[in-house]
Structures are given as C-alpha cells and as structure tokens.
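The values are calculated or read from the model by the stated rules, or taken from the named source; none is laboratory data. Keep in mind the model is a prediction, meaning the values are calculated, not measured. All Cβ positions, glycine included, derive from the backbone under ideal geometry; neighbour counts span all protein chains shown. Ligands, DNA and RNA are stripped out before the accessible areas are found, and what is left, the full protein with its side chains, is counted by its heavy atoms. Shrake-Rupley method; radii C 1.70, N 1.55, O 1.52, S 1.80 Å.
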Amino acid sequence: QVQLVESRGGLVQAGGSLRLSCAPSGRTFSSYAVGWFRQAPGKEREFVAAISWSGGSTLYADSVKGRFTISRDNAKNTVYLQMNSLKPEDTAVYYCAARLGLVTENRMEYNYWGQGAQVTVSS
C-alpha cells in the first residue's frame with residue numbers, strides 16, 4: 001500500500017504561480033509513474049499531467065501545456081507540479097496518483113491517490 005502525501009494548495013491571483021508536491025509515506029517512489037489530476041465542483045476528475053518513473057517521459061493535458069510543469073526528484077522521493085500563469089478555470093482540488101508501470105493519462109489505471117489539495121485562483 002502506498003500512501004501519498006500532498007502539499008497544501010492555496011489561494012493565488014490569476015497570473016500567479018503555485019507549486020504542489022507529492023511524496024509517498026514510508027515507501028520509495030522511484031519505481032512509480034505519477035500523475036496529477038484535478039476536480040472542480042460539479043465536474044469529473046480530469047487528467048492534468050503525468051511523469052514516468054525515470055522522469056524521462058511526461059504527458060500534459062492541452063489545457064495546461066506551456067503553463068504547468070511536472071518533475072520529480074527521486075533522491076528526495078518527491079514529485080512536483082509547478083503551475084504558472086494560473087487562470088480562474090484552474091481552480092480545483094488537485095490529486096496526485098501513482099502506479100507501477102508505464103505513464104498514462106487514464107485515471108482508472110492509477111492505484112494510489114493522495115488526499116487532495118485545494119487550489120483557488122481568483123480573478
């Protein structure tokens with residue numbers, strides 16, 4: 001069992017930046033692909049970004065390409081989501097998720113989930 005711990009989200013003005021982090025509790029992360037997903041009120045949880053276990057492969061949703069960057073530091077056992085040029089439509093609860101195997105956008109293929117971090121972008 002992998003328990004994922006996310007950093008706190010926050011409130012930021014449109015155009016601002018925020019970085020989220022995700023780390024496993026009591027387990028090394030280096031063998032897992034990790035994804036970030038988000039869920040706005042009344043909407044389904046959607047894919048944001050994902051990174052392979054090595055960091056050599058990344059995937060992004062079209063809505064965040066060029067603004068968000070996913071990265072990982074396996075020495076620190078942590079995955080990051082750097083969010084720049086934030087927009088009010090980025091407001092959501094952000095979840096990190098992990099799986100053994102190839103990186104994927106499909107949330108159904110992730111086995112382990114964090115508790116979620118609220119990100120609110122004001123206009």
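Could you list, in sequence order, all residues of segment 74-117 that are surrounded by fewer than 15 Cβ atoms within 10 Å (Cβ to Cβ) and under 12 Å from the mean Cα position of the chain (by Cα)? Result: Gln115, single match. Filtered by the rule that a residue be open to solvent by 30 Å² or more (accessible area, probe 1.4 Å) and either without any contact (Cβ under 8 Å) to a residue 12 or more places away in the chain or in contact with a Lys or Arg (Cβ under 9 Å, 6 or more places away or on another chain) (or both), segment 24-40 gives Ser30, Gln39. Cβ separations smaller than 6 Å between residues 6+ apart or across chains give the following pairs from segment 81-93 residues that are part of a strand (DSSP E or B) to residues that are among the aliphatic types (A, V, I, L, M): Leu81/Leu20; Leu81/Ile70; Met83/Leu18; Ala92/Ala40.
Being aliphatic (A, V, I, L, M) and more than 23 Å from Asn77 (Cα to Cα) is the filter here; which residues of segment 1-28 pass it? Give the derivation first.
Residues of segment 1-28 that are aliphatic (A, V, I, L, M), as a first pass: 2, 4-5, 11-12, 14, 18, 20, 23.
Selection gives Leu11, Val12, Ala14.
Condition first: part of a loop (DSSP other than H, G, I, E, B) and closer than 15 Å to Tyr110 by Cα. Now tell me which residues in segment 10-40 satisfy that. First the steps, then the outcome.
Here is the first cut: in segment 10-40, the ones part of a loop (DSSP other than H, G, I, E, B) are 14-17, 26-31, 40.
Hits for segment 10-40 are Phe29, Ser31.
Only residues that are open to solvent by less than 20 Å² (accessible area, probe 1.4 Å), assigned to a strand (DSSP E or B) and not small (Gly, Ala, Ser): list them for segment 41-73, please. So that I can check it myself, show each step before the final result.
Filtering segment 41-73 for residues open to solvent by less than 20 Å² (accessible area, probe 1.4 Å) gives 48-52, 61, 64, 68, 70.
Pick out the ones that are also assigned to a strand (DSSP E or B) and you get 48-51, 68, 70.
Of everything in segment 41-73, those that are open to solvent by less than 20 Å² (accessible area, probe 1.4 Å), assigned to a strand (DSSP E or B) and not small (Gly, Ala, Ser) turn out to be Val48, Ile51, Phe68, Ile70.
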